[in-house]
1. Considering only residues that are touching a residue at least 40 places away in the same chain (Cβ under 8 Å) and outside any loop (DSSP other than H, G, I, E, B), look in region 163-184 and name the one that is surrounded by the fewest Cβ atoms within 10 Å (Cβ to Cβ).
2. If a residue has to be charged (D, E, K, R) and touching a helix residue (DSSP H, G or I) at 6+ places or on another chain (Cβ under 9 Å) to count, how many in region 21-50 make the cut?
3. Examine region 75-94 for a residue that is touching an Asp or Glu at 6+ places or on another chain (Cβ under 8 Å), surrounded by 15 or more Cβ atoms within 10 Å (Cβ to Cβ), acidic (D, E) and closer than 19 Å to E52 by Cα, and state whether such a residue exists.
4. Among the listed residues A76, A109, A131, A66, identify the single one that is modelled with pLDDT of 90 or more, within 21 Å of the chain's Cα centre (by Cα) and over 26 Å from F209 (Cα atoms).
5. Based on what the data block shows, is K120 touching a residue at least 40 places away in the same chain (Cβ under 8 Å) and not in a helix (DSSP H, G or I)?
6. Starting from region 132-144, take each residue that is touching a residue at least 12 places away in the same chain (Cβ under 8 Å) and list its partners that are assigned to a loop (DSSP other than H, G, I, E, B) and of a type in the set (D, E), counting only C-beta distances under 6 angstrom and pairs at least six apart or across chains.
7. Name every residue in region 115-132 that is closer than 18 Å to I57 by Cβ and either crowded, with 18+ Cβ neighbours inside 10 Å or of a type in the set (V, I, T) (or both), in order of residue number.
8. Return only the number of the condition from (1) at pLDDT below 95; (2) within 30 Å of F209 (Cβ to Cβ) that N139 does not satisfy.
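The values are calculated or read from the model by the stated rules, or taken from the named source; none is laboratory data. Given the structure is predicted, the values throughout are model-derived calculations rather than measurements. In this analysis, Cβ positions are derived from the backbone assuming ideal geometry, glycine residues included, and neighbour counts consider all displayed protein chains.
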Amino acid sequence: MEELHSESQQPAEPEPLSSPKIIGLTGGIGSGKTTVAKFIEEFGFPVYYSDERAKEIVNDNEDLKAKIKQLLGEEAYDENGLYDRKFVADKVFNNKDLLEQLNLIIHPAVRNDFEDWVKKQTKYLIFKETALLFELKLNKECYKSILVTAEDNIRIKRVMDRDSKTYREVQSIMEKQMPEKDKIKLADCIIYNNTNLEDLKEHTEKVVFDIE
């Protein structure tokens, strides 16, 4: 993919603060929040990828591994000792209580990891990318929240093309996520990703540099 460059004038960055402003970045499946996060990094701001870090932490943290095995069984990790995401996903997909118990194990560890990351940052704005920003009420710990959203049919097609899933499979995942209308009510800023990458980058830039 060709790199897109914005010609707009970017404001001078303020002096680094002792306590940077944390901006929550979220979006449902197929919304394009990871693409937006990459643009934000291009603008010079650090992004903490909660969902990616969680995948690493469940493999690296032995205490966490023991708790997950106790909750879901030894099969939660494969013969190489790696987290079996498909097994776990199938186990908790239609079991809300089990999913909540799993989140109670994983999310405190991710929170601690994020807090350690924050201490190393020097920019006046830092971004926390997470799929469950509103579901876990993490937006209350952020200075502002940004929601990346798109029309349902566009999101479904993106995931079908990306993950080789059926229409019904993607729809089923979306039905288990917080409705977009509820997220829109909670978000401080909204980035609509219904068009092309160039427009998305320009929209992202405007939203980021308008944060005061």
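1. Of everything passing the filter in region 163-184, D182 is surrounded by the fewest Cβ atoms within 10 Å (Cβ to Cβ).
2. Filtering region 21-50 for residues charged (D, E, K, R) gives 21, 33, 38, 41-42.
Checking the rest, the ones that are also touching a helix residue (DSSP H, G or I) at 6+ places or on another chain (Cβ under 9 Å) come to 42.
Residues meeting the conditions: 1.
3. yes
4. Among A76, A109, A131, A66, only A109 is modelled with pLDDT of 90 or more, within 21 Å of the chain's Cα centre (by Cα) and over 26 Å from F209 (Cα atoms).
5. Spelling it out, it is not the case that K120 is touching a residue at least 40 places away in the same chain (Cβ under 8 Å) and not in a helix (DSSP H, G or I).
6. These pairs meet every condition: K144/D188.
7. V118, K128, E129, T130, A131
8. It is condition (1) that N139 fails.
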